[in-house]
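Visitor: Handing you this structure, nothing more for now.
Where a number appears in this text, it was derived from the coordinates with a stated rule and is not lab data. Not measured: the values here are computed from a predicted model. Neighbour counts run over all protein chains shown; Cβ positions are idealised from the backbone, glycine included.
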Amino acid sequence: MPGATATPDIEAIIEESRGGGGGGRPPGGGDGGDDGDYGKGWQREPPSPRRFSTGIAIGMVSILMFFMALASAFLLLHHSSRVWVPVHLPPILWANTAVLLGSSFVLERSRLRLSSG
């Protein structure tokens, strides 16, 4: 066919990251590293509770900083902007809030009574 182009065949060479090919055991045993020494005291120690509390503290500080940035932006826009439009809340919002607070109170009291017997 005149004007037709043929694409060359591309050979994909895939190498394993462990080197070598085929099956077999990976270097280093690959069986969890315990080498069958179950009764010889080689157990993994659980992570320290301090590590979890540090992570939670970092998360809480970052959330607090984000909240403070939003609050400062709100206050800055509210007091210095001439285009600020006040939002008027509908009365049904206060009734809905009262119902939610009341139901939360009743559920918490019933949970406490149920747990105490």
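Visitor: For residue 79, which of the numbered conditions (1) under 35 Å from the mean Cα position of the chain (by Cα); (2) exposed (fewer than 10 other Cβ atoms within 10 Å of the Cβ); (3) assigned to a helix (DSSP H, G or I) fails to hold?
Guide: (1)
Visitor: Report the residue count in segment 48-68 for those that are β-branched (Val, Ile, Thr) and assigned to a loop (DSSP other than H, G, I, E, B).
Guide: Residues flagged as β-branched (Val, Ile, Thr) and assigned to a loop (DSSP other than H, G, I, E, B) within segment 48-68 amount to 0.
Visitor: Restricting to segment 82-106, count the residues that are in a loop (DSSP other than H, G, I, E, B) and among the aliphatic types (A, V, I, L, M).
Guide: 4
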